[in-house]
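These notes are about the structure you will find just below.
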Amino acid sequence: MFCKPKYIIITILVLNIIIYSKTYVEAGNAYIDALREILDVTPTDKIEAIEDYTEEENPDVEFSKDMKFLNITLKDSLVLALHNNYDIKIAKIDPILKEKDITVAKSEFDPTLKITGETEDSELPSNSQLQLGFGGQLTDFRQDRNTINATTEKLLETGATFTLDFNLEQQFQDPSPFAFFNPFATSSIEAKITQPILKNAGIFYNRSDIYIARNDKKRSLLELKATAIEVINSAQKAYWELVKAIEELRVRKKSLERAEDLLKKNKIQVDVGTLAPIELLVAEEGVASQLEGVVVAENDIKDREDDLKQVVNLRNDSVLSDAAIIPLDKASFEIKDVSLDESIKIALENRPELFGQGMDMENARIKVKQEKNQLLPKLDFEAGIRYNGLAANKGNALDSAFSQDFQSEFFGVTLEVPLGNREARSNYSKAKLEEKQTIFNTRKVEQEIVVEVRKAVRQVKTNVERIKASKKAEELSLARLEAEEKKFNVGRSTSLEVIRAQADLAVSEGKATNALVDYQISLGDLDAVLGTILENNNIIIEDTGI
């Protein structure tokens, strides 16, 4: 036995209220907030930035007010850079923005409620005997009407549109010679569903914008990872460049000590008359030259400190602006076995740029399917049920509508075939070209990654050989200086030759130090181009950020 239509409509109404009540409440709150903002038109004296996201707390680093030196390790530099660097801060906001885009895409399936009310009081001339009776004269026909209409509509994932419509109207007519009720009320309740069969049909088509938005969020996380890799690599480079500058100053001071020692010895010998005065001038020139190198090295340290402070974005206050950074980690030499083929394989498996291209390709394929669907003709099937009511007042009219006396069922099919369909065909061709473009871009990124890996691997191996060669050169330069000093002590050499040997030793020591630090930098560069620098430093990128 079938249920009565009255109970069917009541059930549909109750289900709508239960399912969409939360949505309506949330939407109502949003509407109230928006309305309150519109009504608040009082001008303010200042504009404040509003942040609607939670920022991670900075690492707990205590700074003394009387600090003159800041001792810092390489790991400390990386942590500070991740928490303070502006590029990271900017990149961390993007996934939050993309999450909003996903919500916007899902909102296509949010139900809508539309309520309209209308009142009309009209006096119209009429010569109809059906309206005016048989009075035999032209007079006015008065009609008063009050109407309220409520419509809720929801798009389903299959592409169907479900509509529930309620209408209540009360009329008064004067004169009304043939009406049973005056005034009288009419009501109607209609439930209708329209389902596309070809164009705009299917779950994939109607959820495709959600899939694209999700891929965009994944891509933003990959871009965040790429930014983190770049920042981490910049931080390690800046750290090791500061170490290199400090080591260069140490070498320069050591060379200055040698030059001053030679000047002291020459002054003694000139005073006792065992050495020509010209040798004293040569020694003084050597001291001045080494002193210039010390001044340049000290200035270079300040530049490298500023570079590191910029990368890690230390607070620009009176405490840290003049604080000298003391790097605690020193460059060490441990030969790392690097395979070019294995490195290329690792890079292609880990580089976030390549995964980002994969997201672009996936989105391009989705858009191709979207546009292919639009090539189809529009064929919609419509079905629904309607209940009408009529009575002398609104309450009875509603009861009449819920009864089974005035029920209508309707079915319909709509076919729409665009002639030419040039827009859809052009959009489909464009989508296929864009898909091909993303494939080419992916191949280009792969090629660039391979080239970067080749250069990074080659640089690591080159620096290994530089360390070996510079170490040998340093030993030979030291031996030469010792030999020149012995010859000078027995009068078989000059101060100029000793100074030259000292300068050559300083150059050799500098090259040896630079090669060692450059080796550390090249290892970091290799980790960066392999896409493993974050994992090697125990840094994980999550959906909510770093």
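Just a few scattered comments:
- Given (1) surrounded by fewer than 17 Cβ atoms within 10 Å (Cβ to Cβ); (2) part of a helix (DSSP H, G or I), number of the condition Gly356 does not satisfy: (1)
- Among the residues of segment 405-419, those identified as in contact (Cβ under 8 Å) with a residue 24 or more places away in the chain and either charged (D, E, K, R) or exposed (fewer than 11 other Cβ atoms within 10 Å of the Cβ) (or both) are Glu409, Phe411, Val413, Leu415, Glu416, Val417.
- Taking the numbered list (1) in a helix (DSSP H, G or I); (2) more than 17 Å from the chain's Cα centre (by Cα); (3) of a type outside the set (Lys, Arg) in turn, Ala226 passes all entries but (2).
- Any chance Arg443 is under 29 Å from the mean Cα position of the chain (by Cα) and assigned to a helix (DSSP H, G or I): yes
- Residue match in segment 393-401 (condition: of a type in the set (S, T, N, Q) and either part of a strand (DSSP E or B) or not assigned by TED's automatic domain parsing to the domain that holds Thr163 (or both)): no
- Residue check for Gln195: within 30 Å of Glu118 (Cα to Cα) and either under 31 Å from the mean Cα position of the chain (by Cα) or not in a helix (DSSP H, G or I) (or both): no
- Taking segment 270-294 as the range and being of a type outside the set (Gly, Ala, Ser), under 16 Å from Ser493 (Cα atoms) and surrounded by fewer than 16 Cβ atoms within 10 Å (Cβ to Cβ) as the test, the residues that pass are Thr274, Pro277, Ile278, Leu281.
- If you go through segment 321-351 and keep only what is modelled with pLDDT of 80 or more, exposed (fewer than 14 other Cβ atoms within 10 Å of the Cβ) and small (Gly, Ala, Ser), you end up with Ala324, Ser339.
- So Asp380, is it under 30 Å from Ala91 (Cβ atoms), in contact (Cβ under 8 Å) with a residue 12 or more places away in the chain and either part of a helix (DSSP H, G or I) or out of contact with any Leu (no Cβ under 7 Å at 6 or more places or on another chain) (or both): no
- Cβ pairs under 7 Å, 6+ apart, first in segment 440-451 and more than 13 Å from Gly358 (Cα to Cα), second surrounded by 14 or more Cβ atoms within 10 Å (Cβ to Cβ): Ile449/Ala347; Ile449/Leu348; Ile449/Arg351; Ile449/Leu354; Val450/Ile344
- Condition check for Leu478: assigned to a helix (DSSP H, G or I) and out of contact with any strand residue (DSSP E or B) (no Cβ under 9 Å at 6 or more places or on another chain): yes
The values are calculated or read from the model by the stated rules, or taken from the named source; none is laboratory data. Everything numeric here is computed off the predicted structure, so don't read it as measured data. As a convention, Cβ positions derive from the backbone with ideal geometry for all residues, glycine included, and neighbour counts pool all protein chains shown.
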